[in-house]
Amino acid sequence: MTTPNKRVVVAMSGGVDSSVSAALLVEQGYEVIGMMMKLWAEDTFDSSCSTHNRCCTPEQLDDARRIADKLGIPFYVLDTKDVFRAYIVEYFLDMHRKALTPNPCIECNRHIRFTWLYENARALDADYLATGHYARITQSPDGAYQLRKGLDDAKDQSYVLSVLTQEHLAHTLFPIGNYPKPQVRDIAARFGLPTASKADSQDLCFLGDGDYRRFLREYAPEALTTGPIVLVDGTVVGEHTGLANYTVGQRKGLNVQSAIPLFVLDSDPTRNALIVGPREQLGSDDLTAHRVSWIDGSAPTEPIRAQVKIRYKAAPAEAWVTPLSADRVHIQFETPLRDITPGQGAVMYDGDRVLGAGIIERQTQRERATQSSLVGTASPA
């Protein structure tokens, strides 16, 4: 199959996934342009770190340029440091200052890849922006675009792409979405790409050593102010080292003397308090999410059945989703989930199709009870 006169900008990172994406598009006859974003990252890099987590290193830049040369495509580097620092790094820091646990990859796709890079690609008169994500795009009979999980469920990245719009999907390609990862490496070898055996990159690419707690100590020390560890009834049982050091469901590292195991239930930034309790108090069967976007462009007019992922690696959980407004929903799960974490994405699916996504809100017990009563008559039993 050839696609004459169709120009596509490929987001290249120096990794195997973006390299194979570019190679497949060249093979299919597209006019391919390679583009690598130069992102903000810490100046220091611990070369002994086993994850080699830094983005945009000279080695990665050299790898991307070598791939472009081998494929015979033009290659450009886009200075994205300032916009990445403003929209991703500062967001990461600010969310931790509020004792929330963000997913920077979602915001990176929202503001960087599919705004900043997407607009630069379109400015080059490109018909498409292509990335090395494991996801697929289909169309319904009425022509609407649909975002679906990648064929390799272990590598599926539809969760972090759930903020895409109809316009994005109409001008986006995911060339490797129909392949399992081992086959992608085989394709890289077939093309003779030097990235065929290169290790996968990690999240939090702007960290010098992969240690986000060390990063917070240096860039947002106010997020690590010590405070009380309390039970639900307010009894003080210890002192925490900063709310950002803990996640919902955490048991180890609390340094609290107790006759029974205690787990992190929540945090209260207004009191700078970490709330803990026994296992039976952990978890909830509902949540609310804001900043909700819908793939088809509009919220449903009534409650819908969906499977909801509350974090990237979570299993989808059956739930009823009730729209509260154009960009806010209440989600009622069939069974309680123990690790609902404010700040993470709540992504709604119908099978392998993404319906939409929002950011999980923090709710007090009183707010939770009020919200449940408001939607109780609207949600199907």
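Coordinate-derived values only; no laboratory data. None of the values given here were measured: they were computed from a predicted structure. Note that we place each Cβ from the backbone using ideal geometry, even for glycine, and neighbour counts take in every protein chain shown.
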Binned Cα-Cα distances of segment 49-208, short to long, each 5 Å bin given as a whole percent: 2, 7, 14, 18, 22, 20, 11, 4, 2, 0
Calculated FRET value between Tyr219 and Thr301, using beta carbons and R₀ = 41 Å, to 0.05: 0.40
Considering only the chain, percent of DSSP beta bridges that pair antiparallel, nearest 5: 75
Amide H partners (placed H, <5 Å) of Leu324, local residues excluded: Val329, His330
Amide H partners (placed H, <5 Å) of Asp266, local residues excluded: Ile275
Which of Tyr91, Ile295, Thr235, positive extreme of dipole for the chain (C-beta unit charges): Thr235
Formal net charge of residues neighbouring Ile88 (Cβ-Cβ distance under 10 Å; K, R +1; D, E -1): 0
Proximal charge balance of Gly143 [Cβ under 15 Å; K/R count +1, D/E count -1]: -3
Long-range lysine pairs (8 or more apart or interchain), the chain, Cα under 16 Å: 9
Gyration tensor (alpha-carbon) shape descriptor, segment 225-281, a/c threshold 1.5: rounded
Listed residues Glu119, Glu218, Glu107, most fluctuating in the chain (Gaussian network, C-alpha, under 10 Å): Glu218
Estimated 222 nm signal from helices in the chain, with DSSP H stretches of n ≥ 4 weighted -39500 (n - 2.57), rounded to 500: -6000 deg cm²/dmol
Highest-first arrangement of 273-279, 155-161, where packing means the average Cβ count within 10 Å: 155-161, 273-279
Charge-dipole axis of the chain as Lys and Arg at +1 and Asp and Glu at -1 on Cβ define it, positive-most pick from Leu262, Ala188, Leu71: Ala188
Dipole magnitude (debye, nearest 20) for the chain, charges at Cβ of Lys, Arg, Asp, Glu: 320
Simple Cβ-charge dipole of segment 225-281, Lys/Arg +1 and Asp/Glu -1, about Cα centre, in debye nearest 20: 180
